[in-house]
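To keep things clear, I will list the structure first and then write my remarks on it.
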Amino acid sequence: MGVVIFAGPSGSGKSHLAARLGWPVLRLDDFYRDIDEPDMPRSSLGIVDWDDARSWSAVDAVGAIAELCASGTADVPVYDIATSRRTGTQTLVVPDGRFIAEGLFAPVIVDACREAGLLDAAICLRRHRVVTFFLRLARDLKEGRKAPWVLVRRGVRLMQDEPRIVAEAVAHGCDAMTPGEARAMLTS
C-alpha cells in the first residue's frame, strides 16, 4: 500500500484530477494550522501567508499517510479555508490500498514519504500559468475563500511565482506533467 502525491501550484488541477480518478483522497490542505496559532507567517499583504509551508503541519500530514498505509484508515482534520481553522475530523478509509494525497505543500513531504517507503509516485501538475491563474480565481471566488481583492492580489503573486513552485516540486522528486498526462499514466 502506498500513496500517490499530487503537487503543483494552487489551481493546477490537483483536486479535480483526484476526483476524476475516483480514488480516496487525503486533502493535505486540511493540515493547515489555525489562523490564531502562534508564529504564523505573514505575507507582504499584511495577512497570514497561507502560501508559506510554516502555515501547515507536515508532521501531521505524514503521520496520516503512514497510518493510512499501515491500516487503511485514519482520522484526519477537516479545515475550513474561509474561517482559516480546523472545524472537526473525519475518518478516511482506503479499502484497496491506493490513495492520493494532494495539496499545495505536497513537495514538502515527498522525501519523508519516500524514505519511509510510503510513496508510489509523486506528480507535480502544471499548466500554462495564465490558465492556472484564471482557474484558481474562478474556484476561489465561487467558494468564497477570501475577499475578492485578496484573491486577485494573491493570484497575481502566485502566477509570478509558479515557475519556482514547479521547479521546487521537481527538485523534491516530483515528475512534472499536465493533468491529462498524469491521468493517462495512472489509469494505464
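Taking the chain as a whole, the Cys residues whose C-beta sits 4.7 Å or farther from every other Cys C-beta are 69, 113. Under conditions of 37 °C and 0.692 mPa s, the range 110-183 yields 238 µm² s⁻¹ as its translational diffusion coefficient, taking Rh as the Kirkwood radius over Cα pairs in the Stokes-Einstein equation. So what's the gap between the Cα centers of the range 30-109 and the range 125-139, to the nearest angstrom? The distance from the Cα centre of the range 30-109 to that of the range 125-139 comes to 22 Å.
From most to least packed by mean Cβ count within 10 Å, the peptides 98-111, 165-178 give 98-111, 165-178.
In the range 8-121, taking the dipole from charged Cβ atoms about the Cα centre, the farthest positive-side position among 43, 73, 57 is held by 73. Can you work out the base-10 log of I(q)/I(0) for the range 9-160 at q = 0.12, 0.14, 0.15, 0.19 1/Å, using the Debye formula on its C-alpha atoms alone? Values returned for q = 0.12, 0.14, 0.15, 0.19 Å⁻¹ are -0.53, -0.72, -0.84, -1.32. Listed by Cβ neighbour count within 10 Å, with the fewest neighbours leading, 56, 50 appear as 50, 56. For the chain, what are the DSSP H helices with axial Cα length of 18 Å or more and mean Kyte-Doolittle hydropathy of at least -1.0? Membrane-span-like by this rule: 58-71, 129-143, 148-171.
Amide H to amide H distances under 5 Å link residue 34 with 86, where only residues 5 or more positions off or on other chains count and H is placed in the peptide plane. Dipole of the chain computed with +1 at Lys/Arg Cβ and -1 at Asp/Glu Cβ about the Cα centre; of 182, 134, 3, farthest Cα towards the positive end is 134.
Neighbour counts of C-beta atoms inside 10 Å place 20, 129 in the sequence 20, 129, starting with the fewest.
Readers should treat all values here as calculations from the given coordinates under stated rules, not as data from a laboratory. Quantities reported herein were computed from a predicted structural model and do not represent experimental measurements. As a convention, Cβ positions derive from the backbone with ideal geometry for all residues, glycine included, and neighbour counts pool all protein chains shown.
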